[in-house]
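Read the structure below first, then the notes.
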Amino acid sequence: MQFGFIENSIVLDEDERILYVHKSCLVLPTIVNSCCSLKELKPDLLLPLKYLLRVDTVDSQAVVLHFLSPSTKKCSHCTVFSLNDAIEFRESLMEKGYTGAHGFKRFLVLINPFGGQGKAKQIWQQSASPVFQTAHLDCQVIFTEYRNHARSIVRNIDLNTLDAILSVGGDGLFHECLNGLGDRKDSDSAFETPLCMIPGGTGNAFSYNATQQTHPALVALEIVKGVKKSFDLMSFDQNGSRSYSFLSANYGIIADSDVGTDNLRFMGENRAFLGFFLRLLQKPSWNCKVEMEVVSSDRNEIRKNYLQHLQRTSVNRDGGFADNIIKLPLYNEENISRVNLDINDLSVFYAGLLPYVAADMRVFPACHVDDGLIDIAVVRANPFRKSLLSIFTCVESGEHFYSKYLSYYKVRSFRFTPINTGHHHFFVLDGEEYPFEPFECRAAPSLGTTLASQAGFKLLSL
Ligand SMILES: Nc1ncnc2c1ncn2[C@@H]1O[C@H](COP(=O)(O)OP(=O)(O)OP(=O)(O)O)[C@@H](O)[C@H]1O
């Protein structure tokens, strides 16, 4: 598609994804470089429309393009002139740059100033906020002042005054916001308010699962250009009160290495690794009882169904299957069996809803975001070090799924009872410490809502 009055000077490629502008029709922001003249430096523009944020018309033949620079991850702009019709160009580009996007305007932004060892505020101001501002979206920003402040704001706010909630922090702040929605009297409809994460914490599993990006500006772009997507939650009942989890429930060496290392906080994300190796040397014991409603514990079947789902979703992206085929159940849920485990040699009990618990830990490789099931991985302590080391060396790729030391279950619900062995152990939900007491979890299919691109929550082969 041509837009310039000089042939081939301003062109959109056949797929209408990349804009080419010849340098003779461009004014770039001033680049100060004492060695070369601006003319020598000036390149043509090749802009994937995915990065376009806004177009302002200057006159009938010129516009200013505002975009996120794919290389610097900063917001930038340039003027394009010699256009046939600036208004038509603007409308065409905005339509193609935002195809299918949510169109939401009002965001409530909750920032944990202590998240990511105090970097969350800077991450918002320097990387994410410019993307929202450039896209002309309204952001009402609140810095949390204490633990559970975000939860109380989300519990009490009038949801009619906003379109989506942005949590700027780690998985802990996101867990708070989610539970703020869950605490509400109108929780069923409240969960339809999209909840999104800008990675500003130490653990940012949700944003990584949703976008496969780690840079906050790229995550912000995915949200600005996103569509509404649902994701599974699990309800968590303990001592008569209900919480919701979006990521994981775990007990054993990983839980202890994560929250049992508060004294090593100064080490940042390395503290969990040190905690893990210390426990590997100490070899404490973990005991528990688990009662599960199991849909499958056959890894061949789980793998086959996962690959079938992967194929359906990838074909659908190319316009193949309809959505109702993708949502067809993969398991025959009439074959649910009750499985009771009495474990007195546990290393890891890990229940999860999303594939990644961190960008380099694909702990639940057979999870998909809305299969309506909880994945559970169990590792026994016999042999203790050998099993854990062999599993942890391949957890990044998800290859541990095939390990002989691991049991893997797809379940609808489970009841967990930790047993006191005299050691100080922890129970962790979404990275947050919860009481060391029995609880019950039940899958809440597609209850959560977020904004992510069409390619969000990408599945990899297994
Ligand atoms: N203003 C605040 N003061 C103290 N704690 C807060 C505040 N805001 C949020 N929190 C709590 O801090 C914890 C950690 O938050 P978050 O997940 O955002 O950051 P993080 O850097 O990933 O965390 P972690 O320290 O667990 O690695 C959460 O339990 C959250 O509820």
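Any read-out appearing in this document is the output of simple, stated calculations on the displayed coordinates, not a laboratory observation. Treat the numbers as computed from the prediction; the structure is a model and nothing was measured. Heads up, the Cβs are rebuilt from the backbone with ideal geometry, glycines too, and the neighbour counts pull from every protein chain shown.
If the segment from Glu334 to Lys289 were pulled out straight at 0.36 nm per residue, it would be longer than the present Cα-Cα gap by 13.7 nm.
Looking at the stretch 150-270, the DSSP beta bridges with both ends there are about 50 percent antiparallel. Note: the stretch 118-193, Cα convex hull, 93 Å³ per residue.
The length gained by stretching the chain between Ala101 and Ser71 to full extension, at 0.36 nm per residue less their Cα-Cα distance, is 8.5 nm.
With angles folded into 0 to 90 degrees, how steeply does helix 86-97 sit against the dominant principal axis of the chain? Use alpha carbons for both and round to 10. Between the helix axis and the principal axis of the chain, the angle is about 10 degrees.
Ordering Phe457, Ser257, Phe364 by Cα displacement along the dipole of the chain toward the positive end leaves Ser257 in first place; charges were set at the Cβ atoms of Lys, Arg (+1) and Asp, Glu (-1).
Highest-first packing order for the peptide set 453-462, 415-424, 373-382 is 373-382, 453-462, 415-424, based on the mean count of other beta carbon atoms within 10 Å. Given their separation in residues at 0.36 nm each and the Cα-Cα distance between them, Glu14 and His136 gain 41.1 nm when the chain is fully extended. Around the amide H of His102, modelled in the peptide plane, lie the amide H atoms of Gly226, all under 5 Å away and 5 or more residues distant in sequence or on another chain. When the helices of the chain are scored as -39500 (n - 2.57) per DSSP H run of n ≥ 4 and the total is divided over every residue, the value at 222 nm lands at -7000 deg cm²/dmol.
Axis angle, to the nearest 10 degrees, between helix 299-317 and the longest C-alpha principal axis of the chain: 20 degrees. Volume of the convex hull of the stretch 10-97 (Cα atoms only), normalised per residue: 94 Å³.
Positive end of the dipole of the stretch 112-223 (Cβ unit charges, origin at the Cα centre): among Gly203, Pro130, Asn160, the Cα lying farthest that way belongs to Gly203. Listed cross-link partners Lys121/Lys228; Lys283/Lys410; Lys225/Lys458; Lys283/Lys404; Lys119/Lys458; Lys74/Lys225 are compared with a 24 Å cut-off, the Cα-Cα value being larger for Lys121/Lys228; Lys283/Lys410; Lys119/Lys458. The residue among Pro29, Tyr408, His175 whose Cα reaches farthest toward the positive pole of the charge dipole of the chain, with charges on the beta-carbon of Lys, Arg, Asp and Glu, is Tyr408.
For the chain, a Kirkwood hydrodynamic radius built from all Cα pairs, placed in the Stokes-Einstein relation at 10 °C and 1.306 mPa s, yields a translational diffusion coefficient of 66 µm²/s.
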